[in-house]
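*Asks:* Dropping a structure here in structure tokens format, bear with me for questions.
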Amino acid sequence: TEAGAEVINAQPTHEDGADRRIPLTLVLNPDEELGVMREEIFGPILPIRTYGKLDEAIDYVNANDRPLGLYFFGPDAGERRRTLDETISGGVTLDDVIFHISVEDLPFGGTGNSGIGNYHGVEGFRTFSHAKSVYKQTKLNFAKLIGLIPPYGKRIRTMMQMDLKK
């Protein structure tokens, strides 16, 4: 393209229904100014950026808005751990894409510009619920026994007068 990115239609045209579906489209090395790099994507479009060293990839993720999803591919457990520890994203799929969204027991949601909170499973219930705290004092109320609850008696008045004289 004129922006320098290579666009690849990854859906074979001989598949059933290929003419009715939006094809998976890979956008290789897109320029930062392209819309695909500046806006959320709600479709089968996957921008792919290359890097020489892991530090470059981690620095890139951390220098931009926090992504809703992060995808790590590679066999190196140390690099995988560094990526998980040193970046912030909504969710992560290792050695594939999108699957973290499909597991109902995993929380799904963003952080920062990609959203707040989670849904799916118990996390979704907590996100969209309001937990109301309720405390009921027991019959043996120690604060009342030592005179800290009104109506205040002579003992509290005496203690306050002693404090005021100090």
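*Asks:* Can you tell me the order of 138-145, 3-10 when each peptide is scored by its average per-residue count of other Cβ atoms within 10 angstrom, highest first?
*Replies:* Numbers: 138-145: 8.5, 3-10: 12.6.
Ranking the peptides 138-145, 3-10 by packing returns 3-10, 138-145.
*Asks:* Can I ask one more? I'd like the Karplus ³J(HN,Hα) series for region 78-84: coefficients 6.51, -1.76, 1.60, θ = phi - 60°, whole numbers in Hz, and an x wherever there's a Gly or Pro.
*Replies:* My calculation for region 78-84 gives x, 5, 4, 4, 4, 4, 5 Hz in order.
*Asks:* Whole-Hz ³J(HN,Hα) for each residue in region 22-27, computed from phi via Karplus 6.51 cos²θ - 1.76 cosθ + 1.60 with θ = phi - 60°, x for glycine and proline: what do you get?
*Replies:* Calculated HN-Hα couplings, in order: 6, x, 4, 10, 9, 10 Hz.
*Asks:* Give the shape of region 36-104 as rounded, prolate or oblate, defined through the alpha-carbon gyration tensor: a ≥ b ≥ c are the square roots of its eigenvalues, a/c under 1.5 means rounded, and otherwise the shape is prolate if a/b is larger than b/c and oblate if not. Write down the numbers at each step before the final one.
*Replies:* Values: a/c = 1.62, a/b = 1.18, b/c = 1.37.
Verdict is oblate for region 36-104.
*Asks:* For Gln11, list long-range residues whose amide hydrogen, built 1.01 Å from N in the peptide plane, is under 5 Å from its own amide hydrogen.
*Replies:* Close amide H contacts, sequence-distant or interchain: Leu24.
*Asks:* Multiply the residue gap between Thr25 and Val97 by 0.36 nm, knock off their C-alpha separation, and tell me the result in nm, one decimal place. It would help to have the intermediate numbers written out before the result.
*Replies:* On the way: separation 72, 0.36 × 72 = 25.92 nm, distance 1.35 nm.
The span from Thr25 to Val97 would gain 24.6 nm if fully extended.
*Asks:* At 1.4 Å probe size, put Ser133, Ser89 in order of accessible surface, largest to smallest. Before the final figure, lay out each step's value.
*Replies:* Details: Ser133 110, Ser89 25 Å².
If we order Ser133, Ser89 from most to least accessible, we get Ser133, Ser89.
*Asks:* Tell me, what ³J(HN,Hα) does each residue in region 34-49 have, in order and in whole Hz, if you take phi through Karplus 6.51 cos²θ - 1.76 cosθ + 1.60 with θ = phi - 60° and put x for Gly and Pro?
*Replies:* 5, x, 5, 9, 10, 10, 5, 10, 10, x, x, 10, 10, x, 10, 10
*Asks:* Taking amide hydrogens as modeled 1.01 Å from N in the peptide plane, which residues meet the under 5 Å criterion relative to Gly90, leaving out close sequence neighbours?
*Replies:* Leu68, Gly69, Thr111
The values are calculated or read from the model by the stated rules, or taken from the named source; none is laboratory data. Model, not experiment: these values are computed from the prediction. Here Cβ is always computed from backbone atoms with ideal geometry, including for glycine, and neighbour counts include all displayed protein chains. In case anyone asks, the SASA skips ligands and DNA or RNA and just uses the protein heavy atoms, side chains included. Shrake-Rupley method; radii C 1.70, N 1.55, O 1.52, S 1.80 Å.
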